[in-house]
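Enquirer: Take a look at this one; I'll ask things after.
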Amino acid sequence: MRKLKLQVQMTVDGFVGGPNGGLDWMSFNWDDKIQKYVNELTDSVDTILLGRKMTDGFISYWTDVVANPADPQYSFAREMVDKPKVVFTKTLDKSKWENTTIAKGDLAEEITKLKKSSSSSDSGQVKDIIVYGGASFVSSLVKNNLIDEYHLFINPAAIGKGLSIFSTLNDQLNLKLVKSIGFGCGIVLNYYEPK
């Protein structure tokens with residue numbers, strides 16, 4: 001069965017966005033070591049999950065980068081544009097984005113179906129699924145115990161209040177630390193799996 005992986009930027013006090021979703025606290029001065037980790041994580045997946053609120057910004061940002069082959073992020077952006085995306089929504093009936101399908105059913109059932117589906121990898125290798133956000137969508141995934149790997153990129157900033165992906169938990173969530181890596185830009189990657 002395929003795994004659902006979460007990759008998210010987070011503050012040291014546990015927020016994935018400011019009170020209004022602001023991201024001005026994020027560190028962008030990445031070195032080769034952190035970029036290599038992100039590239040390897042991206043290479044391990046062939047499907048991207050998104051909540052509807054995040055989809056417009058995500059797709060338009062990466063599509064704009066792809067329009068400029070000289071951009072240093074071009075090859076990564078090409079992957080973001082080319083990988084199939086599944087948008088979870090209750091308000092849309094059909095996708096207005098290329099390479100994107102809509103999921104409207106029960107969240108746990110839809111995720112289970114995706115995990116059991118065949119990978120679309122050309123190599124025949126089974127690849128996993130990744131989710132990047134947004135906060136309320138990821139909160140629903142966390143609350144329903146649907147995430148198999150948590151790749152939390154802890155930025156060297158505290159903002160005091162904001163959007164949390166753990167605020168809707170009904171019970172305690174116990175995780176085991178698989179790996180922790182400090183990067184030169186001050187970000188610390190903590191990779192957890194559910195116990």
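Enquirer: Residues to consider are Gly160, Gly133; find the one that is on the phi > 0 side of the Ramachandran plot, at pLDDT 95 or above and either touching a helix residue (DSSP H, G or I) at 6+ places or on another chain (Cβ under 7 Å) or loosely packed, with under 12 Cβ neighbours inside 10 Å (or both).
Expert: Gly160
Enquirer: Regarding segment 54-69, can at least one residue be identified that is buried (at least 16 other Cβ atoms within 10 Å of the Cβ) and among the polar types (S, T, N, Q)?
Expert: Yes, because at least one residue in segment 54-69 is buried (at least 16 other Cβ atoms within 10 Å of the Cβ) and among the polar types (S, T, N, Q).
Enquirer: I'm trying to understand the selection: among the residues of segment 59-113, which are over 19 Å from Val138 (Cβ atoms), charged (D, E, K, R) and under 17 Å from the mean Cα position of the chain (by Cα)?
Expert: Arg78, Glu79, Asp82
Enquirer: Now for a different question. Is it fair to say Phe28 is hydrophobic (A, V, I, L, M, F, W, C), at pLDDT below 90 and either in contact with a helix residue (DSSP H, G or I) (Cβ under 6 Å, 6 or more places away or on another chain) or not in a helix (DSSP H, G or I) (or both)?
Expert: So Phe28 fits the description; yes.
Enquirer: Can I ask one more? Test each condition in (1) on the phi < 0 side of the Ramachandran plot; (2) surrounded by 13 or more Cβ atoms within 10 Å (Cβ to Cβ) for Gly14 and report the one that comes out false.
Expert: (1)
Enquirer: Here's another thing I want to ask about it. Going by the conditions given, is Val126 modelled with pLDDT of 95 or more and surrounded by 12 or more Cβ atoms within 10 Å (Cβ to Cβ)?
Expert: The answer is no for Val126.
Enquirer: Right, here's the next one. If the Cβ limit is 6 Å and pairs must be 6+ apart or interchain, which residue in segment 171-195 that is more than 10 Å from Glu149 (Cα to Cα) and touching a residue at least 60 places away in the same chain (Cβ under 8 Å) pairs with which residue that is of a type in the set (Ser, Thr, Tyr) and outside any strand (DSSP E or B)?
Expert: Cys185/Ser27; Gly186/Ser27; Ile187/Ser27
Enquirer: Which of (1) surrounded by fewer than 18 Cβ atoms within 10 Å (Cβ to Cβ); (2) in contact (Cβ under 8 Å) with a residue 12 or more places away in the chain; (3) touching a helix residue (DSSP H, G or I) at 6+ places or on another chain (Cβ under 6 Å) is the odd one out, the single condition Val38 does not satisfy?
Expert: (3)
The values are calculated or read from the model by the stated rules, or taken from the named source; none is laboratory data. All figures in this text were calculated on a predicted structure; none of them were measured in a lab. Here the Cβ is made from the backbone with ideal geometry for all residues, glycine too, and neighbour counts use every protein chain on show.
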